[in-house]
1. Taking the stretch 125-148 on its own, how many of its residues are within 14 Å of residue 113 (Cβ to Cβ) and modelled with pLDDT of 95 or more?
2. Based on this model, can you work out whether residue 117 counts as buried (at least 16 other Cβ atoms within 10 Å of the Cβ) and assigned to a helix (DSSP H, G or I)?
3. Condition (residue is closer than 25 Å to residue 210 by Cβ, out of contact with any helix residue (DSSP H, G or I) (no Cβ under 9 Å at 6 or more places or on another chain) and without any contact (Cβ under 8 Å) to a residue 40 or more places away in the chain) applied to the stretch 92-115: is it met by at least one residue?
4. Which of the residues belonging to the stretch 149-162 are within 28 Å of residue 202 (Cα to Cα) and in contact with a helix residue (DSSP H, G or I) (Cβ under 7 Å, 6 or more places away or on another chain)?
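The values are calculated or read from the model by the stated rules, or taken from the named source; none is laboratory data. Bear in mind that the values here come from a model prediction, so they are computed numbers and not experimental data. Heads up, the Cβs are rebuilt from the backbone with ideal geometry, glycines too, and the neighbour counts pull from every protein chain shown.
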């Protein structure tokens, strides 16, 4: 009981630290030339967002799966399974994959399991990349329980999706780039997309799973009520951390619409299309747009 109490107090301390950073981060004054971006519903200097996001995920790393279960009522697991089944890694032979914002390893594990179970493929590899070291620790711990631990099939790297070191992640070197529930947290989505385009081989696939805009008005109203009333409360109860969960809800609402994000993918140099729903066949809505799968191919 004492151990549990200490852990809960630790969570509250992390949450308090995030709250303090939020209160001390102010947007530049009117007329200033400093660039700004959003952190949830707040306007913050661009140079501040990375540390603010890092604070959120430092706080939720150990309860990340619980967080996703709370935010999606557990359905995120089905969405991730759907995501990988559409990509079919290993169906055309071993592939080299890079999974961004993938610290906890759940997408990487699904990729490797799919290739092995469906196609007897033990040569497909995944480089898991995350800007947050605490998230990577959770993923490494998860993979220590699997057959892939200490094999060439999996590696973990701490790096920024907007500026991947070229000596570690050379241009034209990956067959598949995945990012699940992470791209909305980067400071510059266009820069992250440009890096995705750079590291992929010609013909390589960019694939993104993200919370998106709900298209049904009735569902949207229910979803908003759940998001803003229930999820922050669950953050307080499950992790002692309301601020982080509040940010995560707000970050979903600030993410571009399906159409706008598809245009951003196209502007980065990808061809969008295939057997998907949406404008130009660029995406597939899940649960009426609560989540969405976007794809593009490097040409």
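1. Taking the stretch 125-148 first, the residues within 14 Å of residue 113 (Cβ to Cβ) are 125-126, 142-143, 145-148.
After this cut, where a residue has to be modelled with pLDDT of 95 or more as well, the list is 125-126, 143, 145-148.
Looking only at that region, the number is 7.
2. Here the answer is no, as residue 117 does not meet what is asked.
3. Of all residues in the stretch 92-115, those closer than 25 Å to residue 210 by Cβ come to 95-115.
With the extra rule that they be out of contact with any helix residue (DSSP H, G or I) (no Cβ under 9 Å at 6 or more places or on another chain), the set shrinks to 96, 112, 115.
This time we only want the ones that are without any contact (Cβ under 8 Å) to a residue 40 or more places away in the chain, so: 115.
Among the residues of the stretch 92-115, at least one is closer than 25 Å to residue 210 by Cβ, out of contact with any helix residue (DSSP H, G or I) (no Cβ under 9 Å at 6 or more places or on another chain) and without any contact (Cβ under 8 Å) to a residue 40 or more places away in the chain, which makes the answer yes.
4. Filtering the stretch 149-162 for residues within 28 Å of residue 202 (Cα to Cα) gives 151-162.
Result: 153, 154, 156, 158, 161, 162.
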